[in-house]
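One structure below.
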Amino acid sequence: MKIAVLNGSPKVGNTAAMINAFKEGAEAAGHEVCVLHVGKMKINGCLACEYCHGKGEGKCIQKDDMEQVMPAYKDADMIVYGSPIYYSNLTAQLSAAMQRIYPIGKPAKATKAALLLSSAAPGPYTGAISAYQAAVGFMGLEDVGVICAAGEENGSAAKMEEIRAFAKAL
Ligand SMILES: Cc1cc2nc3c(=O)[nH]c(=O)nc-3n(C[C@H](O)[C@H](O)[C@H](O)COP(=O)(O)O)c2cc1C
């Protein structure tokens, strides 16, 4: 499978560590993984101008870094979202990258999705998971798993191995 991974963190930190473990596992199983660090990109929110559904014929009027993400939404067989928890939710940057799929509605080929979440404290995941589930539901993707790392689990050998094993089994 071609797997696109969107990292919603603005830095290279705990979410990136989870994504690296995912990439190692997925590549060991023969999958092709492309990581897009959307948290470091300039991606605005949707303007709701409907240009994409009219004159734009599926193209967004905004010329920003979403142009780097859209090819992945078109080519990937699976989309993996990674995010730190910010105020019990996904980051604004990742939310924007999810919602800006609006011009095409859903990924062209992808059928599966997964979510990797990193937080300082245990337990603040309900909001982020609901937002993810709603988005992938609209996109027609099957959620195949959510893995969370809280506090000291971040970067721990056990959590990295759990993620590697999850990715290998896809
Ligand atoms: C603006 C902001 C909001 C945060 N909100 C929460 C929160 O609600 N719950 C929590 O446990 N951690 C929260 N954190 C901590 C991050 O989720 C945590 O440090 C995470 O591991 C960072 O991942 P990263 O290194 O990939 O950016 C917050 C951090 C920031 C900067």
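What follows draws every value from the coordinates through simple rules; no lab data is involved. Source: prediction; values computed, not measured. Heads up, the Cβs are rebuilt from the backbone with ideal geometry, glycines too, and the neighbour counts pull from every protein chain shown.
A count restricted to the stretch 1-33 and to residues that are on the phi > 0 side of the Ramachandran plot and within 16 Å of the ligand (Cβ to nearest atom) stands at 0. Taking the numbered list (1) within 15 Å of the ligand (Cβ to nearest atom); (2) of a type outside the set (S, T, N, Q); (3) in contact with an Asp or Glu (Cβ under 6 Å, 6 or more places away or on another chain) in turn, residue 123 passes all entries but (3). Counting only residues that are among the basic types (Lys, Arg) and either without any contact (Cβ under 8 Å) to a residue 24 or more places away in the chain or near the ligand (Cβ under 9 Å from one of its atoms) (or both), the stretch 34-47 holds 1 of them. Pairing residues of the stretch 48-59 that are in contact (Cβ under 8 Å) with a residue 40 or more places away in the chain and under 13 Å from residue 100 (Cβ atoms) with residues that are β-branched (Val, Ile, Thr) and surrounded by 12 or more Cβ atoms within 10 Å (Cβ to Cβ), at Cβ distances under 7 Å and at least 6 apart in sequence or on separate chains, gives 58/104. Tallying residues that are within 15 Å of the chain's Cα centre (by Cα) and within 16 Å of the ligand (Cβ to nearest atom) within the stretch 87-120 yields 13. How many residues are part of a loop (DSSP other than H, G, I, E, B) and either of a type in the set (Gly, Ala, Ser) or farther than 16 Å from residue 117 by Cα (or both) when one looks only at the stretch 1-37? Summing the residues that are part of a loop (DSSP other than H, G, I, E, B) and either of a type in the set (Gly, Ala, Ser) or farther than 16 Å from residue 117 by Cα (or both) in the stretch 1-37 gives 7.
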